[in-house]
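Peer 1: Right, I'll just put the structure down here and ask away after.
The values are calculated or read from the model by the stated rules, or taken from the named source; none is laboratory data. Since the model is a prediction, treat every value here as computed from it, not as a measurement. Every residue, glycine among them, receives a Cβ derived from its backbone with ideal geometry; neighbour counts consider all protein chains shown. Quick note on the areas: whole protein, heavy atoms, side chains included, nothing else; ligands and nucleic acids left out. Shrake-Rupley method; radii C 1.70, N 1.55, O 1.52, S 1.80 Å.
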Amino acid sequence: VKMDAASLLLLCLLTGSLRAARGQGVYAPPTVRILHPRQPCNLQEERYAERVFTIREGATLELQCLVTGHPRPQVRWTKTVGGASERQVGPPLHNETLKIGNISRHQGGRYYCKADNGLGSPAIHSIRVDVYYLDDPVIWVHQSVGEMKEQFYFERTVFLRCAANGNPPVRYTWRRGHEVLSQGSDAGVEIYEPFFTQQGETKILKLKNLRPQDYAEYSCISSVRSICGIRDKIAHFSLTNQTGVSSVKLLPEEPLVVNPGQTITLVCVASGGEPPPRLSWLRPGGEELPERSAVNGGTLTIPAATVEEGGAYTCLATNNVGGPVKKSVSVLVRGLRKARFWITPDPYHNDDNIQIGREVKISCQVEATPPEELQFVWLKNGRPLRSSERMVITHTDASVSPGTTNLDIIDLKFTDFGTYTCVASMANGGSPEISIDVNISSTTVPPELSVPRGRSHLTAQEGDTVDLQCLVSGKPKPILLWSRVEESSAAAAVAPPTMPDGSAQTESYDGVLRISNVSRDMSGTYRCQTSQYNGFNVKPREALIHLVVQFPPVVEPTFTEVRQALGRAFSLTCRLLQAHPARLLRYEWKLGPRLLTVGQFGHQRDDTTYTVKALNREGYGEYTCDITNEVGAGRCTFLVTGKAYAPEFYYDARGALWQNRPRYGFKLQWTQMEPGAVDRILAYRLGFRQMSQSRWWEQQIPIEGTIQKGELLTYNLTELIKPESYLVRLTPITRFGEGDTTERTISYSTPVNPHLKEFQCGFEEEAICLFTQDKTDEFDWTRHSAATRNTKYTPNTGPSSDHNGSKQGYYMYIETSRPRQDGDKARLLTPTFNTNSRSSASLGHSPAYCFSFYYHMYGKHIGALSVFLRQKGPTVTDTSVWSLSGNQGDRWQQAKVNIQPSTAFPVLIEGVRGSGIEGDIAIDDVAIQEGQCTHPPSNNLRSLAPPPAPHLWLLGVPLSMALIGFQR
């Protein structure tokens, strides 16, 4: 890469150091938990704060699935849809955030976050989303009229029913005028407890023995108690002595019959009713009105009517008194369709031929709308034909659909041969006539069906065009119907076979079924048979044709990439799945164009294997195996390469390296996927660019020694420009060449968040994340790494690497050598954090945070390590929240503790020198995160009282498995 001076300076700034941790790998199965960055709108009723999230309808739901594990797990959100079934909300993703804008009530339910990285079992966590809403209430009035009692009074009772849909359950308030009505406040009023109906929850107000003061304005107020900020809603109804149901009248009242293309006009008139009703039009079954229709008040207009727009139309009148009043009218659009004919020979003779002296019936069938307007006329040789003793014309009942007419020719004579025409029409016109010609002659014979010689068994190759043919004789010539024959009842029960076009049957007028681009699933038996209509009314004739479709072998794998180091042995296997014909199969192995071996499959064999005993450089390339039959070949392809697999970025590490300058650093960590599969990795090519720019910078990181599987590699990027984000690209290099590339984005985030969500520090930079030394202590904490520590340091105490196992990694520790004395204290303060005041105010209590860190307490003179929460008020108070003393072994362990500050706070970490010089205490990777710790620790102290013997929540590892650093 050519660089100018400025670019060279930038590249010099963006440098770092590589270190690695040997021993225990960092591969870990996934863990998962769900956070919601937006506060639920109803925490008071949320009994299971971690499980239930309440949100208002129309708001934006945002849930974050926080995962750990290496390699980085894939995250998938799913939602239960009844029972144990699940519906995937979106594709697998890495940003782990589920976002649903303008959420609806139907999108409530339980959402699952599933993380999987192939190690152990997938991690699953769920949260129930409860969507709150409140619809407008509706008041319905029902009246009951009692009988006259002893002629003294006339009893009339009125019920006012208020219904509204809402979540949580709706509360109702009734008002008469400005007076709030409650049970017992008025002897003439009863208020029933809410109950559920199809319209939702219902509250009923009963007015007994209606009185003059009961004629008033009533209001129903529905409420969900302002939860989620949902305001109360109100409905009004004015009850008068005129209140009553309405009636409707439709014009026309009888079914409306129109010709195609005419305009349909339906008029709905409401009479009576108080308040005046609202009119609307609808079709049965919720079907929508025609697109071109127009509604003006009670008038429905449909221009240029079509047959499909016929049917029932209903006018609905609603004034919330009693039930809705509806009335329907049928619209019939005239039309003729589906004309058929058939010939029935004399049933008293054994054969079906048309012969002189016999009786012949010609039947003609047509569907008509409306059926009563259907009329038929018969013609012979174009002249009208009237019913007589030998020519009997009959019609079925017009109400039977479809309508049929029959012409019976009794004692057939030679003079009766000719063309008979059936003409169907509508009595009032409006639709074109349909005519059917039927020829009756000495050549009129029933159909016969056969398959041409040698065509009952056909063989074709996949992709060909094949013609299946049945010969049909007879006059008139019938239509042929083609269908598939079920090969087995079990297969047909699952999915009956269909024709190539997907239909159950296909019509053919010339007896030929042509199948283009025939495929293997079209093999089988096909049936051709005569149609009942357009021919003789005799038992259908049928014939069968068996089709066999040949296809080349189907093999697996079609493509596989094989990665191998030089000098190793490996085998390649190509498997035969399916072929027709499955005999005389041959195989042929090649490396590029070079033939390696050939052979033939035996009767019991379904695979072939090629083995390379020791891979040399010429052995890299594309291996192919062709398995062939007489139709063609199936190919397995193997790309043998020495490319290294992709690096796997480590996302669970503390990433940013804070600096108190206009620069920042980033600890880039990764493992190598399957490092032993190929030759040793010699180096990594590191590329990076600012996200706002397109220019890449590259440098090479040399690697000495062999990388172990699961070994954590670290490279510190320093002098990154705040607040820029960078795209980092990492490519492994072997003597074969470059391997697969992995990319990730690193972003700057300030160490002190005004509304604290997360803080983390690995002490990798001199600024130590704005930690400060407390001025009231006797000595200070020291920033150190094992690589730079004086080799004459006190043995048998202190760590030999940082928490991640790297000798180059930094940590903080207390040096207990002279002049330190027993009981001396070193105090280290985190930056001061502001609590999330908004969330705490809505919660009604202080927010919780999880404070975690790694500690190393090894040596026979170890004193004590304590954590205090410092809060600033009228006076500064330090509250002890964690403490541990004594030798804990030569290993890093993790502690977590819940803190609940009420004001801005720092956290104070105190190390106390023990009775001797072998008492070094170290800390590393300090973090503060909003929310409770993932598992409640038992060492969370609540007061300044001396703690009992602590029960520690530690995530340590055995000494034999500790991460041991090594020099590169």
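Peer 1: Would you kindly state how much longer the chain becomes between residue 395 and residue 411 on full extension, computed as 0.36 nm times their sequence separation minus their alpha carbon distance, in nm to one decimal?
Peer 2: Answer, rounded to one decimal: 3.7 nm.
Peer 1: Further question: If I model a spin label at residue 271 and residue 157 as a point 7 Å from the Cα along the Cα→Cβ vector, what separation in nanometres do I get?
Peer 2: 3.2
Peer 1: Taking residue 114 as the anchor, which lysines have their alpha carbon closer than 18 Å to its alpha carbon, excluding any fewer than eight residues away along the same chain?
Peer 2: 79, 99
Peer 1: Specify which residue in the list 672, 712, 662 is farthest towards the positive end of the charge dipole of the range 636-726, using unit charges on the beta carbon of Lys, Arg (+1) and Asp, Glu (-1), about the Cα centre.
Peer 2: Positive-most Cα among the choices belongs to 662.
Peer 1: Next question. Nearest 0.05, what FRET efficiency do residue 652 and residue 740 give at R0 = 25 Å with Cβ-Cβ as r?
Peer 2: 0.70
Peer 1: Sticking with this structure for a sec: Can you send over the solvent-accessible area of residue 156, 1.4 Å probe, protein chains only, in Å² to the nearest 10?
Peer 2: Taking all protein chains as shown, residue 156 has close to 50 Å².
Peer 1: To the nearest Å, what is the center-to-center distance of the range 412-467 and the range 225-255, using C-alpha atoms only?
Peer 2: 62
Peer 1: I've got another one for you. Which ³J(HN,Hα) values, rounded to whole Hz and listed in residue order, are derived for the range 277-293 from phi using the Karplus coefficients 6.51, -1.76 and 1.60 in 6.51 cos²θ - 1.76 cosθ + 1.60 with θ = phi - 60°, glycine and proline given as x?
Peer 2: x, 9, 9, 8, 10, 8, 10, x, x, x, 5, 6, 5, x, 4, 7, 6
Peer 1: I would also like to ask the following. Between residue 38 and residue 498, what length in nm is gained on full extension when 0.36 nm per residue of separation is reduced by their alpha carbon distance?
Peer 2: 160.2 nm
Peer 1: Tally up the carbon and sulfur contribution to the accessible surface of the range 472-621 as a whole percent, 1.4 Å probe, everything protein left in place.
Peer 2: 49
Peer 1: Under 5 Å between amide H atoms, partner at least 5 residues away or on a different chain: which partners does residue 815 have, H built in plane at 1.01 Å?
Peer 2: The list, which skips near neighbours in sequence, is 782.
Peer 1: Right, next: How many Å² of accessible area per residue for the range 647-747, probe 1.4 Å?
Peer 2: 39
Peer 1: Is there a pair in 643/807; 667/860; 825/872 whose C-alpha atoms are over 27 Å apart, and which pairs would that be?
Peer 2: Too far apart for the 27 Å limit: 643/807; 667/860.
Peer 1: Ignoring any ligand, DNA or RNA, what whole percent of the accessible area of the range 157-243 comes from carbon and sulfur when the probe is 1.4 angstrom?
Peer 2: With neighbouring chains kept in place, the figure for the range 157-243 is 49 percent.
Peer 1: Run the reach check for residue 413 against lysines, Cα to Cα strictly under 25 Å, same-chain hits fewer than 8 apart removed. What comes back?
Peer 2: The reachable lysines, counting only those whose Cα sits under 25 Å from residue 413, are 361, 380, 475, 477.
Peer 1: Share of the range 247-333's accessible area from carbon and sulfur, percent, 1.4 Å?
Peer 2: About 54 percent, which is the carbon plus sulfur part of the accessible surface.
Peer 1: Which of 703, 691, 731 sits farthest toward the positive end of the charge dipole of the range 647-747, with +1 on the Cβ of Lys and Arg and -1 on the Cβ of Asp and Glu?
Peer 2: Sorting the options by dipole projection puts first 691.
Peer 1: Within 11 Å, Cβ to Cβ, of residue 575, how many net charges do the neighbouring residues add up to if Lys/Arg are +1 and Asp/Glu are -1?
Peer 2: With Lys, Arg at +1 and Asp, Glu at -1, the neighbours total -2.
Peer 1: Give the residue list of trypsin sites (Lys or Arg not before Pro) in the range 402-462 that are DSSP loop and have at most 11 other beta-carbon atoms within 10 angstrom.
Peer 2: Qualifying residues, ordered by number: 413, 453.
Peer 1: Tell me, what does the Kirkwood hydrodynamic radius of the range 554-641 come to in angstroms if you use every pair of distinct C-alpha atoms?
Peer 2: Across the range 554-641, the inverse of the average 1/r is 13.4 Å.
Peer 1: With N set to the number of residues, divide the alpha-carbon radius of gyration of the range 230-303 by 2.2 N^0.38 Å and report two decimals.
Peer 2: 1.49
Peer 1: Something else now. For the range 554-641, what does the accessible surface come to per residue with a 1.4 Å probe? Please give it in Å².
Peer 2: I get 55 Å² per residue for the range 554-641.
Peer 1: Return the aspartates and glutamates within reach of residue 208: Cα separation strictly under 17 angstrom, same-chain partners fewer than 8 residues apart disregarded; answer none if there are no such residues.
Peer 2: 147, 155, 186, 190, 193, 217
Peer 1: Okay, moving on. Using only the Cα atoms of the range 534-692, build the gyration tensor, take square roots of its eigenvalues as a ≥ b ≥ c, and label the shape rounded, prolate or oblate: rounded if a/c is under 1.5, else prolate if a/b is larger than b/c, else oblate.
Peer 2: The shape class here is oblate.
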